[in-house]
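Working notes, beginning with the structure itself.
Just so it is clear, none of the values below were taken in a lab; they were calculated from the coordinates. What you see is a predicted model; the values in this text were computed from it and never measured. We place every Cβ from the backbone using ideal geometry, glycine too, and count neighbours over all the protein chains shown.
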Amino acid sequence: MEPVDRSTIWPYDERGEPGRFYYSRYDHPAGVAAETALGRREGGDALLYASGMGAETAVLLAFARPGTTVALAECCYYGTSKLLGLLEGWGISYVEYDQTGEPPDADIVWVEAPANPVLTMPDWEALRRHRGLVVCDATVATPVYLQALDEGADVVVHSATKFLTGSHDALLGATVTRDPERSARLREFRGSAGIVSAPDAAAALVRGLDTLDERMARHTETAAELARRLEEHPAVSLVRYPGFSGLISFDVEDPRAVETSTELILNATSLGGARSTMESRHRWEGDRIPAGLLRFSAGLEDVDALWADLEQALEA
Ligand code: PLP
């Protein structure tokens, strides 16, 4: 395997000209290797960032300006609405809408496939009819279950911190687009704002992509089985599962009691790792989501061991 080059500088050539790499804020070898691999998976031009939120920030810096309106999928990742709320001071406004139907008129439509944590999917036909720039956060679907650019997205966003790297040990974001002008604009803002990936996180993406298909198949198999068992559990009032990937959300009366009673499942935020995680989202999102909602990310552990842990926690 390629060793990870953590240099921030590469000397100019004998004529004093910069080579392919010269300063790591613009590009570095591990980043380019990972972008090539992700771009191949997505069928577009991939760029990496310091985090998923870094990727989202780059998209808004590149394509929004004072007066821009954004239609945002309701109950999608909380951080996205928070960022858009902060940018209201920059003259960017947003409204939330039900992404299973027609988006309202807007310059940018921002959907999430599926939405974290309510797990709805966007209406692609309605998006293809829309005049605005379509941005799709495909973090939970991954390219294994969704080719968002083929469906009609103009820009795909990933938190590669989740399934794409898959081990809860790399903070990383990505955008993918097929339009060279959009790609150049994103790259310019990334370099100028310095929202660049760390070489080690980029190398984690190269490794993660090597096993992505196998991991996603296992996440899906486990999550589908656990969703089925949760449906039948008397302490669970509602289960949301889109039928693919590793994320489930379900409602219970006392989510704090359940999340703090697990032993195998980590009571932690985030999703998409080899270790299962579960948390009440109310602590972060307040009344935006149901008070009893638990978000569970199925890891790669044995399904019966996970069920035994969930069952004993639900008794609690
Ligand atoms: N998009 C989704 C769907 C997420 O779940 C998250 C984080 O949880 C993000 C974006 C932000 O990514 P990051 O935490 O890598 O900045």
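Quick rundown of the values:
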| item | result |
| --- | --- |
| The one condition in (1) free of Cβ contacts under 8 Å to residues at least 12 places away in the same chain; (2) within 16 Å of the ligand (Cβ to nearest atom) that Glu88 fails to fulfil | (2) |
| Matching residues in region 250-266 - criterion: being closer than 17 Å to Glu231 by Cβ and among the charged types (D, E, K, R) | Asp251, Glu253 |
| Filter result for Ser237 (at negative phi and free of Cβ contacts under 8 Å to residues at least 60 places away in the same chain) | yes |
| Number of the exception - Val140 against (1) within 11 Å of the ligand (Cβ to nearest atom); (2) in contact with a helix residue (DSSP H, G or I) (Cβ under 8 Å, 6 or more places away or on another chain) | (2) |
| Options Ser197, Ser280, Ser245; residue that is surrounded by 15 or more Cβ atoms within 10 Å (Cβ to Cβ), at positive phi and not hydrophobic (A, V, I, L, M, F, W, C) | Ser245 |
| Single residue of region 173-197 satisfying the filter (farther than 21 Å from Trp110 by Cβ and within 16 Å of the ligand (Cβ to nearest atom)) that is nearest to the chain's Cα centre (by Cα) | Ser197 |
| Filtered residues of region 220-241 (kept if farther than 18 Å from Gly299 by Cβ and either polar (S, T, N, Q) or part of a helix (DSSP H, G or I) (or both)) | Glu231, Ser237 |
| Sole residue being away from the ligand (no atom under 16 Å from the Cβ), farther than 21 Å from Asp213 by Cα and of a type in the set (Gly, Ala, Ser), chosen from Ala37, Ala30 | Ala30 |
| Some residue of region 210-217 being buried (at least 24 other Cβ atoms within 10 Å of the Cβ) and either under 25 Å from Arg25 (Cα atoms) or not hydroxyl-bearing (Ser, Thr, Tyr) (or both) | no |
| Cross-chain or 6+ apart pairs with Cβ under 6 Å, region 156-169 first and over 21 Å from Ala62 (Cβ atoms), then among the hydroxyl-bearing types (Ser, Thr, Tyr) and more than 10 Å from the ligand (Cβ to nearest atom) | Phe163/Thr142 |
| Extreme residue, farthest from Ala193 (Cα to Cα), among residues of region 61-85 that are hydrophobic (A, V, I, L, M, F, W, C) and away from the ligand (no atom under 13 Å from the Cβ) | Ala71 |
| Given (1) in a loop (DSSP other than H, G, I, E, B); (2) charged (D, E, K, R); (3) under 15 Å from Ala316 (Cα atoms), index of the condition Arg275 fails | (3) |
| Failed item, numbered, when Ser249 is tested on (1) out of contact with any Lys or Arg (no Cβ under 6 Å at 6 or more places or on another chain); (2) among the hydroxyl-bearing types (Ser, Thr, Tyr); (3) within 16 Å of the ligand (Cβ to nearest atom) | (1) |
| Single condition Ala170 does not satisfy, out of (1) in contact with a Phe, Trp or Tyr (Cβ under 9 Å, 6 or more places away or on another chain); (2) of a type in the set (Gly, Ala, Ser); (3) within 11 Å of the ligand (Cβ to nearest atom) | (1) |
| Any hit, region 148-165, residues being assigned to a helix (DSSP H, G or I), within 16 Å of the ligand (Cβ to nearest atom) and of a type outside the set (Phe, Trp, Tyr) | yes |
| Unmet requirement for Arg256, which otherwise passes all of (1) surrounded by fewer than 17 Cβ atoms within 10 Å (Cβ to Cβ); (2) part of a loop (DSSP other than H, G, I, E, B) | (2) |
